[in-house]
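Below is the structure I would like to discuss, written out as structure tokens.
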Amino acid sequence: FLTSMYCLFSGKIHEQSVIFARYMPEIVLAPSNYAKHERMLRQVFNDPIIFVFNQIQSYNKKRISALGINYIVPDSVIHLPELFIILSKTAKKDHVVIAKPLTPTAQTVLLYYLYNNKNDLSYKQLQESLGMPYPTVCRTIEILKTSKLCRVVGSRDKTIQFDVDKIELFNRALPLMKSPVKRVIYSETVPNLSYKTGMTALSEYTMINPDVFEHVAISYGEYKQLKDYSIEDNHLPIHIEVWDYDPSMFAQKDVVDVISLYLSLKDNQDERIHYELNQIIQHLW
């Protein structure tokens, strides 16, 4: 599992043996995952573990540092608290704007682009394709623009453009994206217009085994039509996720889309699930 994600090198710093773990995938993990991997590698090698990243996002730098993780970003940062070495390049400080989480509509537009081959998306095209009122489209694009995920071109016939490839855009947006799951309810039967999600969907995309329960997703509109369900009895066989946006928009037949599935499961603590999620995301683009 670990060697599928890291290239491992041995070395010495001031006569102290160390292990360099170069992170290879393009998908950014949560800092807690690196901390967990550090403990696993430490059990094998019994030497300080130093992660080597090609780059590190500013929003992750403080979180990784706060966990006491040793890491290096070549030509940028050497952060080795265990060896009492912390060096970094100084840069001119800009005014920092803390980005807010994306709204469900903003996340929907972003997903539409990530699954679409066109870059110049007109406001009208988004209105027609996503069934959004024009004022909602305008507000949504402003959120994406403020979050520095896109830029607006034109004045009368406005279009939005994205200037980075999709994997980089996904990594930039990931800290702002939320799980689509609004709530979870339980039932004896599978509701109409539902789509496989959770471990049920992950078992469709990968070789991982499904859960003992069946997990499905429905829109909030479908949820309002339901009559027989429980909000407490999680031993019922059908676990129903009520989503912020309609899962049918990006579903593949009867299975929810990969990115939404990733967002709904990314906080799961099971390493096998994280591995499989990273695999399917990396093969998207």
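I need every pair where a residue in region 156-167 that is of a type outside the set (Phe, Trp, Tyr) has its Cβ under 8 Å from the Cβ of a residue that is open to solvent by 80 Å² or more (accessible area, probe 1.4 Å) and part of a loop (DSSP other than H, G, I, E, B), sequence separation at least 6 or different chains.
Matching pairs, first to second residue: Thr159/Asp120; Ile160/Asp120; Gln161/Asp120; Asp165/Trp285; Lys166/Trp285; Ile167/Glu26; Ile167/Trp285.
Here's the yes/no breakdown for (1) more than 30 Å from Phe1 (Cβ to Cβ); (2) among the charged types (D, E, K, R):
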position	(1), (2)
Leu226	yes, no
Asp233	yes, yes
Ser248	yes, no
Ala251	no, no
Tyr262	no, no
Ile273	no, no
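If you go through region 216-227 one residue at a time, how many are polar (S, T, N, Q) and open to solvent by 50 Å² or more (accessible area, probe 1.4 Å)? Even if it seems obvious, please write down each step before you answer.
So in region 216-227, the residues polar (S, T, N, Q) come out as 219, 225.
Retained after the next criterion (residues that are open to solvent by 50 Å² or more (accessible area, probe 1.4 Å)): 225.
Matching residues across region 216-227 total 1.
Is region 103-112 home to any residue that is more than 26 Å from the chain's Cα centre (by Cα), at pLDDT 85 or above and open to solvent by less than 40 Å² (accessible area, probe 1.4 Å)?
No: region 103-112 contains no residue that is more than 26 Å from the chain's Cα centre (by Cα), at pLDDT 85 or above and open to solvent by less than 40 Å² (accessible area, probe 1.4 Å).
Which of the residues spanning region 126-181 are part of a strand (DSSP E or B) and crowded, with 16+ Cβ neighbours inside 10 Å?
Pass one, region 126-181, residues part of a strand (DSSP E or B): 151-153, 159-161, 181.
Hits for region 126-181 are Thr159, Ile160, Val181.
Further question on the same structure: Scan region 113-125 for residues that are surrounded by 14 or more Cβ atoms within 10 Å (Cβ to Cβ) and touching a residue at least 12 places away in the same chain (Cβ under 8 Å) and jot them down.
Tyr113, Leu114, Tyr115, Leu121, Ser122, Tyr123
Name the single residue that is surrounded by the fewest Cβ atoms within 10 Å (Cβ to Cβ) among those in region 184-203 being at pLDDT 95 or above and over 15 Å from Leu236 (Cβ atoms).
My answer is Ser203.
Given the conditions (1) surrounded by fewer than 17 Cβ atoms within 10 Å (Cβ to Cβ); (2) under 21 Å from Val109 (Cα atoms); (3) of a type outside the set (S, T, N, Q), and given that Pro210 satisfies all but one, which numbered condition is not satisfied?
Condition (2) is where Pro210 drops out.
Farther than 24 Å from Pro175 by Cα and surrounded by 13 or more Cβ atoms within 10 Å (Cβ to Cβ): does that describe Asp47?
Values: farther than 24 Å from Pro175 by Cα: yes; surrounded by 13 or more Cβ atoms within 10 Å (Cβ to Cβ): yes.
Yes, satisfied.
Only one of Ser4, Ser10 is closer than 26 Å to Leu284 by Cα, surrounded by fewer than 17 Cβ atoms within 10 Å (Cβ to Cβ) and hydroxyl-bearing (Ser, Thr, Tyr). Can you tell me which?
Within the list Ser4, Ser10, the selection yields Ser4.
Residue-wise test of (1) surrounded by fewer than 15 Cβ atoms within 10 Å (Cβ to Cβ); (2) out of contact with any Asp or Glu (no Cβ under 9 Å at 6 or more places or on another chain); (3) of a type outside the set (A, V, I, L, M).
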{"residue": "Tyr229", "(1), (2), (3)": "no, no, yes"}
{"residue": "Tyr245", "(1), (2), (3)": "no, yes, yes"}
{"residue": "Val255", "(1), (2), (3)": "no, no, no"}
{"residue": "Ser264", "(1), (2), (3)": "no, no, yes"}
{"residue": "Ile273", "(1), (2), (3)": "no, yes, no"}
{"residue": "Leu277", "(1), (2), (3)": "no, yes, no"}
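The values are calculated or read from the model by the stated rules, or taken from the named source; none is laboratory data. Computed from a predicted model, the values in this text were never measured in an experiment. Counting neighbours? That spans all protein chains shown, and the Cβs are built from the backbone with ideal geometry, glycine included. Protein only, heavy atoms only, side chains kept; ligands, DNA and RNA dropped before computing areas. Shrake-Rupley method; radii C 1.70, N 1.55, O 1.52, S 1.80 Å.
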